[in-house]
1. Give me the residue from region 1-35 that is within 21 Å of F80 (Cβ to Cβ), out of contact with any Asp or Glu (no Cβ under 9 Å at 6 or more places or on another chain) and open to solvent by 60 Å² or more (accessible area, probe 1.4 Å) and, out of that set, modelled with the lowest pLDDT.
2. Do any residues in region 21-50 that are under 17 Å from G75 (Cα atoms) and in contact (Cβ under 8 Å) with a residue 40 or more places away in the chain have Cβ atoms under 7 Å from those of residues that are open to solvent by 30 Å² or more (accessible area, probe 1.4 Å) and among the hydrophobic types (A, V, I, L, M, F, W, C), where the two are at least six apart or on different chains, and which pairs are they?
3. Which of the residues spanning region 79-126 are modelled with pLDDT of 90 or more, surrounded by 24 or more Cβ atoms within 10 Å (Cβ to Cβ) and polar (S, T, N, Q)?
4. Return the residues of region 41-63 that are of a type outside the set (G, A, S) and at pLDDT below 85; say none if nothing qualifies.
5. Restricting region 69-78 to residues that are touching a residue at least 40 places away in the same chain (Cβ under 8 Å) and out of contact with any strand residue (DSSP E or B) (no Cβ under 7 Å at 6 or more places or on another chain), which is surrounded by the fewest Cβ atoms within 10 Å (Cβ to Cβ)?
6. Looking only at strands (runs of 3 or more DSSP E) that fall completely inside region 8-126, which ones have 1 or more residues that are at positive phi?
7. Can you say whether R130 is modelled with pLDDT of 50 or more, over 17 Å from C70 (Cα atoms), open to solvent by 40 Å² or more (accessible area, probe 1.4 Å) and not in a helix (DSSP H, G or I), as far as the supplied structure shows?
Amino acid sequence: MNQSTRSTQQSGWGVLDAISYRARVAPDGPFMTFLDESGPAKLTNAEYERLVSGATARLSAAGLRQGETCIVHTGNTADFVVLLAAIIALGGVAVPTISMSTADELAYVIEHSEAHLLLTTPELFDIAIRATSMLPCNVHLTADVWDSSVALIAHPGDATAPCPAGTAILMYTSGTGGRPKG
């Protein structure tokens, strides 16, 4: 751990603090430039803070708790960056998936990671529903997360042990040589 990381942890700063700070000191500053359907798009620090705060509130209301895993099945979108920060800000563990995953591959990661929630976009919704239907628990659509383009699927199965404290992201391999490895 380097000195700046140690100082940040000791001061109690978290993900939302850092995002809020950037939004205060440079609200119109560029947070991210990305390509969407209509070409290059920009997200300012203030816009990013607003989106992350909204996603954090909705994920909290949906029941995401510290140490619980949350699948982010969105592909390479601005949504992904917003949702990742919101999950981490709540102390949850983000589990990004590959948007090209089959329903079987996605179901394996959901079950293996003991995910409590799954976030997806409209173009990936059908795969997510097929994947969750393969699981031995009830899964249902509960709410939108921060706008109409991201769906939240709750996994109300038995409570499981949370990931170890300090885990922010659980990555899986692509699984080209067998099942994905977490």
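The values are calculated or read from the model by the stated rules, or taken from the named source; none is laboratory data. No experiment lies behind these values; they were computed from the predicted model shown. Ideal geometry is used to build each Cβ from the backbone, glycine not excepted, and the neighbour counts take in all protein chains shown. The protein model used for the area step is the full one, side chains on, heavy atoms only, and it has no ligands, DNA or RNA in it. Shrake-Rupley method; radii C 1.70, N 1.55, O 1.52, S 1.80 Å.
1. This residue is L35.
2. M32/V81
3. If the condition is that a residue be modelled with pLDDT of 90 or more, surrounded by 24 or more Cβ atoms within 10 Å (Cβ to Cβ) and polar (S, T, N, Q), then T97 is the only one that fits.
4. Step one: of region 41-63, the residues of a type outside the set (G, A, S) are 42-45, 47-52, 56, 58-59.
Of everything in region 41-63, just one residue is of a type outside the set (G, A, S) and at pLDDT below 85, namely R58.
5. Ranking the candidates gives G75 first.
6. Values: elements: 30-36, 39-44, 69-73, 93-96, 117-120.
Strands (runs of 3 or more DSSP E) meeting the threshold: 39-44.
7. Values: modelled with pLDDT of 50 or more: yes; over 17 Å from C70 (Cα atoms): yes; open to solvent by 40 Å² or more (accessible area, probe 1.4 Å): yes; not in a helix (DSSP H, G or I): no.
So R130 does not fit the description; no.
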